[in-house]
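Down below is the structure, laid out as structure tokens.
The values are calculated or read from the model by the stated rules, or taken from the named source; none is laboratory data. If you're wondering where the values come from, they're calculated on a predicted model, not measured in any experiment. We place every Cβ from the backbone using ideal geometry, glycine too, and count neighbours over all the protein chains shown. In case anyone asks, the SASA skips ligands and DNA or RNA and just uses the protein heavy atoms, side chains included. Shrake-Rupley method; radii C 1.70, N 1.55, O 1.52, S 1.80 Å.
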Amino acid sequence: PTVPASSSTPLFASFSDSPWGGDAFTRRSQSGLLFTFNGTPFDWASAKQPVVALSSNESELIALSSAVCSSLFLKDVLASLGISLPVVSLFCDNLPAIQYVRGTDLGRVKHMAMRLLSVREHWRAGTISVEHVPTDQQPADALTKALPPSKFVRCRAKISIVP
């Protein structure tokens, strides 16, 4: 299954991940986004972030913000096909980023307020849910950086790509 072991698999799920400052020359982070429908990947993205993140939390928030925008677009595409989804489940392996979305004081990330508050608005409105996924179960990890072979094989298996 694509989603971490749980009691139920969301019909539509989004995974976001980002290693902080991964590019050795620009120090920009890479966002990895994976979207699944009924447990099967149907869209994904891997792109260098448009700004230099000042912390790992900021890097994860940038990826999460991109995931929300793409998820809401894909939700509209599914709606045009007659598939109505009340909530989009987003999975992130960064607990502070999730806590910021759920209302923790912005503190040191005030410069991220616009991006964060947009995500928070969608969370409060109930159009998205933001859940933690442990790093070792994060399938989007394979879209953000080079991995040791054993970890890459685990990620590949989670996103149902045949060897």
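Key figures for this structure:
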item: Extension gain from Ser56 to Val87, taking 0.36 nm per residue of separation minus the Cα-Cα distance; result: 8.5 nm
item: Under-5 Å amide H pairs with Ser129, H placed in peptide plane, nonlocal only; result: Val88, Ser89, Leu90
item: Förster-model FRET efficiency, 30 Å R0, Asn38 and Leu117, C-beta, rounded to 0.05; result: 0.40
item: Inter-label distance, nm, simple model (7 Å from Cα along the C-beta direction), His132/Phe73; result: 3.1
item: The stretch 49-95, accessible surface, carbon-and-sulfur percent (1.4 angstrom probe); result: 67
item: log10 of Debye I(q)/I(0), alpha-carbon scatterers only, for the stretch 18-71 at 0.29 Å⁻¹; result: -1.08
item: Relative contact order of the stretch 8-98, pairs being alpha-carbon contacts under 8 Å that are 6 or more residues apart, as %; result: 32
item: Length released on extending from Ala24 to Ala125, taking residue separation times 0.36 nm less the Cα-Cα span; result: 32.5 nm
